[in-house]
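Worksheet: the structure to be examined is printed underneath.
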Amino acid sequence: MLSDVSFTLAAGDYVGIAGPNGSGKTTLIKAILGLLTPASGEILFDPDFSRPQSIGYLPQIIKLHDRIFPAKVQEIVSMGLLAQKKGSRRLTRKDRLCVLNILKKLELMPIRDSRIGNLSGGQQQRVLLARTLVASPRMLILDEPTSALDPKIREDFYNILKGLNEQEGITILLISHDIGSMGRFTRKMLYLDRKLIFFGTYEEFCRSEDMTRYFGPLSQHQFCWRHLDGTCDCADR
Amino acid sequence: MEPVTVLIAEALRYDFIRKALLAGSLIGICCSFLGIFLVLRKYSLIGDGLAHVSFATVAIALLLSASPLLVTIPVTVLASFFILKLNEKAELHGDAAIGLVSSTAVALGVLLASLGKGFNVDLMSYLFGSILVIRQEDVVISAVLSLVVIFMVLYNFNSLFALTYDEEFARVLGLGAGRMNILLAVLTSITISLGIRIVGTMLISSLIIFPTVTALQFSRGFKGTLLLSACFSVACILLGVFISYILNFPTGAVIVLLNCGCFLLAFGLRRLQKR
């Protein structure tokens, strides 16, 4: 259960969502995605924002490791265009060009005919990001996208997201347990613990006395030390 | 012994062989088209479960002197819905839900078989299949329903593919995941009801599983795997009908063993390629 949650996202926001296990992070994004209906309250969108076409979703990669699944990278990426199609949801020549463009953009052309299950974790995650971006979403929702990746690939992945946010203005909601890394890339923090505990900039999160009381003796400084001693080239600075 | 080509030419002169080849090929395509979605979603044994249900429905139909096919299709469709609901609402895993429904159906079938003493021979033909004695009306119904199943799979191919790869993502895309699950259950039920005429209730799940797992040894893409599994399925059925005619073996068993042989060959080739 998740209650007492109220916040407003602006176009182009990059928000990190954090909280302990069972705090309601996945429930919140499922409600935004339309997979769950809130028992009370509303989720309002701009009139020109249509669900599901305007939202791209990237699930946890850990669910998708199936080595025998016989799908090529191109087939997986094409799947991202199906929300825009009606009836038999056939893809056109133009759609195939869109797929090739996004494969080029994310440097996936050399592996476009490879079976998804034969790729490394980092490559798989890049393919799933391509599947999400191929439909040109205005908002991206990512559920612990880097939890199965090693630090170097994780860093590359965060840099891709940063580019999408800064250069293309895509609004990003990112769930992660890695609050320290989030501070380097996201501009805002949303902290949940079965209700909304904090929503504001990362700087405000680091300096919040309420959060210091919430975290207890270790305080949020365990994540924020680079922010507080001025050595971080963080997104909100 | 005469050359095989002569024996095949002789077999093709018989109407019952031509009927068996037509109905068998179409049902084989249906089984392989659905098999890829069921196997990859780890629902392979739903075919087995529904086949057990069809055993009970055939017993009911024979007891009532009704057409087994026309009784089996609606009851099997209902049973597949029941399995889906047990899975969702009772929070039972798919295998447990299939086990509950299929064992209950077999118990019912056995009970009915003991009540209707005259139809046990007919019931046996549904247990192990008897495609060579398929009736004209069954051929027509099988052909029409098979074409409907094939069309529905091809029409909804992209949605079913997305659902099979990542159900949550398919739901986010608004692809009607619930509707697609129901469609898959209905199409599977129809195919099982048709397929028990070929290999029987005991062996029908092999027509769903074998062609797909054999094709998975070769192909890389999803469409390629689907087409290859259909080719394996049809080839085994055609070959099985001819072999059983020439050697006077039970057709269903020959078809399943041919499928098994294809799988072992494909598996061996893949292992050799990997070395």
Listed residue (A:L2, A:M189, A:A130) projecting farthest to the positive dipole end of the protein assembly as shown, Cβ model: A:A130
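So for segment B:4-269, averaging the separation of alpha carbon pairs under 8 Å that are six or more residues apart and normalising by length, what relative contact order in percent results? Mind showing how you got there, number by number?
Working: 376 pairs, mean separation 85.8, N = 266.
Answer for segment B:4-269 is 32 percent.
Does segment B:25-151 come out rounded, prolate or oblate, given a ≥ b ≥ c as the square roots of the eigenvalues of its C-alpha gyration tensor, rounded meaning a/c under 1.5 and, failing that, prolate meaning a/b above b/c?
It is oblate, given that a/c is not under 1.5 and a/b is not larger than b/c.
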Which lysines, if any, have their Cα less than 17 Å from the Cα of A:K85, not counting same-chain residues under 8 positions apart? A:K94
Other chains' Cβ within 10 Å of B:102-113 residues: what's the mean? 0
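Would you mind working out the magnitude of the charge dipole of the protein assembly as shown relative to its Cα centre, with +1 at each Lys and Arg C-beta and -1 at each Asp and Glu C-beta, to the nearest 20 Debye?
Values: 50 positive and 39 negative charges, 232 e Å.
Around 1120 debye, computed over the protein assembly as shown.
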If amide hydrogens are placed 1.01 Å from N in the peptide plane, which non-local residues have theirs closer than 5 Å to the one on A:I197? A:Y191, A:L192
Quick check on the exposure proxy: order B:I8, B:I134 from fewest to most C-beta atoms within 10 angstrom. B:I8, B:I134
Value of [θ]222 nm, deg cm²/dmol, for the protein assembly as shown, DSSP H segments ≥ 4, -39500 (n - 2.57) each, nearest 500: -19500 deg cm²/dmol
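Report, as a whole number in µm² per second, the diffusion coefficient that Stokes-Einstein gives for segment B:4-269 at 37 °C and 0.692 mPa s using the Kirkwood radius over alpha carbon pairs.
Estimated diffusion coefficient is 176 µm²/s.
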Excluding residues fewer than 8 positions from B:K42 in its own chain, the aspartates and glutamates with Cα under 20 Å of it are A:D66, B:E88, B:E91, B:D95, B:D166, B:E167, B:E168
For segment A:68-137, the Cα gyration tensor yields equivalent-ellipsoid semi-axes (√(5λ), largest first, whole Å) of 20, 13, 10
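Once you average over the residues of A:70-83, how many Cβ atoms of partner chains fall within 10 Å of each Cβ? Working shown, then result.
Details: counts 16, 9, 6, 1, 1, 9, 6, 0, 3, 11, 3, 2, 9, 7.
For this peptide, the per-residue mean of nearby foreign Cβ atoms is 6.
Dipole of segment A:68-137, Cα-centred, from +1 at each Lys and Arg C-beta and -1 at each Asp and Glu C-beta, to the nearest 20 debye? The partial results should precede the final answer.
On the way: 14 positive and 4 negative charges, 67 e Å.
Value, rounded to 20: 320 debye.
Which order do the peptides B:106-112, B:56-62, B:162-168 come out in when sorted by mean C-beta neighbours inside 10 angstrom, highest first?
On the way: B:106-112: 16.4, B:56-62: 24.4, B:162-168: 21.3.
So the peptides B:106-112, B:56-62, B:162-168, ranked by packing, come out B:56-62, B:162-168, B:106-112.
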Descending principal axes extents, the protein assembly as shown, alpha-carbon based, whole Å: 92, 49, 42
Restricting the count to DSSP beta bridges whose residues both fall in the protein assembly as shown, what percent are antiparallel, rounded to a multiple of 5? 25
Using every Cα-Cα pair within chain A, state what percent have a distance larger than 22 Å. 55
Fewest to most neighbouring Cβ within 10 Å: what's the order for B:R271, A:R138? B:R271, A:R138
Positive-end residue of B:G224, B:V110, B:L84, charge dipole of chain B with Cβ unit charges: B:G224
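Where Rh is the Kirkwood radius over the Cα pairs of segment B:159-206, the temperature 4 °C and the viscosity 1.567 mPa s, what D in µm²/s does Stokes-Einstein return?
Details: Rh = 11.9 Å.
Once the numbers are plugged in, D ends up at 108 µm²/s.
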Placing +1 on the Cβ of each Lys and Arg and -1 on the Cβ of each Asp and Glu in segment B:4-269, which of B:G200, B:F157, B:F37 has its Cα farthest towards the positive end of the resulting dipole? B:F157
Can you report the principal axis dimensions of segment B:124-261 using only the alpha carbons, biggest first, rounded to whole angstrom? 53, 34, 21
Mean per-residue count of partner chain Cβ within 10 Å for B:146-156 equals 1
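Which pairs break 18 Å Cα to Cα here: A:K30/A:K195; A:K30/A:K105; A:K25/A:K152? Please report the intermediate quantities before stating the final value.
Details: A:K30/A:K195 15 Å; A:K30/A:K105 28 Å; A:K25/A:K152 26 Å.
In this structure, A:K30/A:K105; A:K25/A:K152 lie more than 18 Å apart at Cα.
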Cα centroid distance between segment B:140-172 and segment B:193-232, in Å? 15
Please compute the contact order of chain A in relative form: average sequence separation of alpha-carbon pairs under 8 Å and at least six residues apart, divided by the residue count, as a percent. 31
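Values quoted throughout were computed directly from the atomic coordinates according to the rules given, and no laboratory measurement underlies them. Predicted model only: the values in this text are computed from it and were never measured. Virtual Cβ from ideal backbone geometry, glycine too; neighbours counted across all protein chains shown.
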